[in-house]
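S.K.: Can you read through this structure? Questions will come right after.
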Amino acid sequence: MVWKKEGTLVMWLPENHSHNIKTVSIASFDLDSTLITTKSGRVFAKSAEDWMWWSSCIPLQLRNLFLQEQKIVVIFTNQKGCADYVKLSIFQKKINSILATIGSDIPIYVFAATADDWYRKPSTQMWKRMNEILNTQQHGQTFSIDINSSFYVGDAAGRHAKWDNNQKTKADFSCSDRQFARSLGIQFYTPEEYFLKIQTLDSKLWSWPDSLKMFLSPPSPSSTSSSTVERDIQIIKDRNKPCLIICVGMSASGKTTYVLEHFPSFVYVNQDTLKTKKKCLSVAKAALDSGQSVVIDNTNPSSAIRSEYIELIGKQSSIESFCLCFDTPLHICLALNRFRASTSNGERDRVSTIAYNIFKKKFEKPTLKEGFTTIISIPMVFKWKTTEEQKMFEQFIQ
C-alpha cells in the first residue's frame, strides 16, 4: 500500500494490483460515521488512535466483498480538516491502522478530498480519478465498471430528525453521500441499511436539499413576472438614447452571462477585468460622455457604491439609469461558484466565502430614491448546453 498526493486529493493505492476480469463491481464507502466512529464519543477524532468500527461486523464484510464477491473495495471520504501537514499525517496514520486491521491481503483503495473543491463529494471527481487509476493498473487491458452492481454506503443521506423514532436522533448534516451515488447512477445505502440490514427508509423520512429539488422536477411554465421582466428589458434595448445599467447581485448569481447576452452593444465595465474601482469609474464616464450605453457588472451591494456610478450621469438628464437586481439564492450562487471554478481550466478562481459574507453585510436593497428609473428583479434561468453539463452542476449543490 502506497499513498499519493495530487493537489488536494490524497490517495492510498494497493501496489502492483490488477484484476483478471474485464468487468468489475465497486463496493464503495464513506469513512466517518459509516465504517468507523470515534472511541471518545466526540464528533471529531482527537488522535490517530481515536477510532473504532461503526459495527463489529464491518471488517469481515469488507473482506468478503473482495474474497467472495470479487468486488473492488473503495473508500471515498471528505476530509477538509486534513489540509495542513500535521493533521494529514495523523489521518494517514489512522488509515494505515484501519487497513491493517482489515488485513494486508485485501487491496482497498482510499480517496480523500482535503479541500472544499471539485474533489469534494457530492462531486464525482474522486470516482473519476479512481477509474483512471484502475485502468492504468490493467496494463492496457480492456476494463469497465458495472454500474448496476456497484454501490455506495454513506451517512450523509438527508435523513430527518427522529427518522428512527429516537427522540435524540438529529437530522443528517447533509445529503451529499446520497447525491454522490445519484450522480454516479449507483445504488445507495445508509450504514444502517447495508450493515445492520434495517429496511430501506421510507422516502418521507429523508429528502433532497431544497436547492436540488428544483432540478428534480419538470420546470414550471413561464410566469407573468417573467414576461414582465422580458418586456422591461426590451424597453431598455429599444431606447435610442444612452443609458446606464447597474447590476446588483452576489458573485456567481448570473450577472455576467445575462448582460452579455442581452446587452452585447453596451460598454461592459467589470472590476475583475479592469482591476480597480477607479478604472471602472473612468471607463464608464468616458463611455457615457461619448454617448454610449454602459453596464456595470459588479456586485454593487450598497447604495453608496451604486451612487458613485449614478453620479457619473451628472446633469445629463437624457441618460437614465436602470438597476438589474439578481436575486439568485445563496446556495445556488455557491454551487455556481464551485462549478465555474472547477470547469474553467484555471481561468476562473473560486470566490471566497468571505466575499459572500461581505456582500451580505453591506447589502442594501436598491430603491428608486437612488436615482433609478426602473429596478428589475432578474430571476435565475438555467440554460444548459448539454444534459451532462447540468448533471455536473448538480454535483456542486450542497
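The values are calculated or read from the model by the stated rules, or taken from the named source; none is laboratory data. What you see is a predicted model, and the numbers here were worked out from it, not measured in a lab. FYI the Cβ positions are ideal-geometry reconstructions off the backbone, even for glycines, and counts take in every protein chain you see.
S.K.: Just give me the residues in segment 234-266 being over 23 Å from Ser290 (Cα atoms) and assigned to a loop (DSSP other than H, G, I, E, B), in sequence order.
M.R.: Residues satisfying the conditions are Gly249, Met250, Ser251, Ala252, Ser253, Gly254.
S.K.: Another question, if that's okay. Of the residues Lys39, Lys80, only one is farther than 24 Å from Ser150 by Cα, of a type outside the set (A, V, I, L, M, F, W, C) and touching a residue at least 24 places away in the same chain (Cβ under 8 Å); which?
M.R.: Values: Lys39 fails: touching a residue at least 24 places away in the same chain (Cβ under 8 Å).
Answer to the selection: Lys80.
S.K.: Quick one: would you say Lys197 is over 28 Å from Gln125 (Cα atoms), over 15 Å from the mean Cα position of the chain (by Cα) and part of a helix (DSSP H, G or I)? Give the steps one after another, and end with the answer.
M.R.: Working: over 28 Å from Gln125 (Cα atoms): yes; over 15 Å from the mean Cα position of the chain (by Cα): yes; part of a helix (DSSP H, G or I): no.
So Lys197 does not fit the description; no.
S.K.: Now for a separate question. Looking for something β-branched (Val, Ile, Thr) and closer than 22 Å to Ala355 by Cβ - is there at least one such residue anywhere in segment 306-317? Break it down stepwise before answering.
M.R.: Applying the first criterion (β-branched (Val, Ile, Thr)) to segment 306-317 yields 310, 313.
Still in the running and closer than 22 Å to Ala355 by Cβ: none.
Among the residues of segment 306-317, not one is β-branched (Val, Ile, Thr) and closer than 22 Å to Ala355 by Cβ, which makes the answer no.
S.K.: Next question, about the same structure. How many of the residues in segment 204-250 are among the charged types (D, E, K, R) and modelled with pLDDT of 90 or more?
M.R.: 6
S.K.: Would you be able to tell me the number of residues in segment 335-359 that are assigned to a loop (DSSP other than H, G, I, E, B), of a type outside the set (Ser, Thr, Tyr) and in contact (Cβ under 8 Å) with a residue 12 or more places away in the chain? Please lay out each step first, then the result.
M.R.: Filtering segment 335-359 down to residues assigned to a loop (DSSP other than H, G, I, E, B) leaves 343-352.
Then drop every residue that is not of a type outside the set (Ser, Thr, Tyr), which leaves 345-351.
Within this subset, residues satisfying the condition of being in contact (Cβ under 8 Å) with a residue 12 or more places away in the chain are 350-351.
Of the residues in that region, 2 qualify.
S.K.: Scan segment 360-383 and give yes if some residue there is part of a helix (DSSP H, G or I), crowded, with 19+ Cβ neighbours inside 10 Å and either aromatic (Phe, Trp, Tyr) or out of contact with any strand residue (DSSP E or B) (no Cβ under 7 Å at 6 or more places or on another chain) (or both), otherwise no. First the steps, then the outcome.
M.R.: To start, the set of residues in segment 360-383 that are part of a helix (DSSP H, G or I) comprises 360-362, 368-370.
Now narrow it down to the ones that are crowded, with 19+ Cβ neighbours inside 10 Å: none.
Checked against the condition, which is being part of a helix (DSSP H, G or I), crowded, with 19+ Cβ neighbours inside 10 Å and either aromatic (Phe, Trp, Tyr) or out of contact with any strand residue (DSSP E or B) (no Cβ under 7 Å at 6 or more places or on another chain) (or both), segment 360-383 yields no hits at all.
S.K.: Here is a follow-up. Does Ser317 count as closer than 23 Å to Asp232 by Cα, small (Gly, Ala, Ser), surrounded by fewer than 20 Cβ atoms within 10 Å (Cβ to Cβ) and without any contact (Cβ under 8 Å) to a residue 60 or more places away in the chain? Spell out the reasoning first.
M.R.: Values: closer than 23 Å to Asp232 by Cα: yes; small (Gly, Ala, Ser): yes; surrounded by fewer than 20 Cβ atoms within 10 Å (Cβ to Cβ): yes; without any contact (Cβ under 8 Å) to a residue 60 or more places away in the chain: yes.
It is true that Ser317 is closer than 23 Å to Asp232 by Cα, small (Gly, Ala, Ser), surrounded by fewer than 20 Cβ atoms within 10 Å (Cβ to Cβ) and without any contact (Cβ under 8 Å) to a residue 60 or more places away in the chain.
S.K.: Within segment 240-271, how many residues turn out to be out of contact with any helix residue (DSSP H, G or I) (no Cβ under 6 Å at 6 or more places or on another chain), farther than 19 Å from Gly371 by Cβ and β-branched (Val, Ile, Thr)?
M.R.: Count: 3.
S.K.: Right, Thr136: surrounded by fewer than 20 Cβ atoms within 10 Å (Cβ to Cβ), within 20 Å of Ala27 (Cα to Cα) and in contact (Cβ under 8 Å) with a residue 12 or more places away in the chain or not?
M.R.: Working: surrounded by fewer than 20 Cβ atoms within 10 Å (Cβ to Cβ): yes; within 20 Å of Ala27 (Cα to Cα): yes; in contact (Cβ under 8 Å) with a residue 12 or more places away in the chain: no.
In short, no.
S.K.: Which number in (1) within 19 Å of Met250 (Cβ to Cβ); (2) within 29 Å of the chain's Cα centre (by Cα) marks the one condition that Ala304 misses?
M.R.: So the condition that Ala304 fails would be (2).
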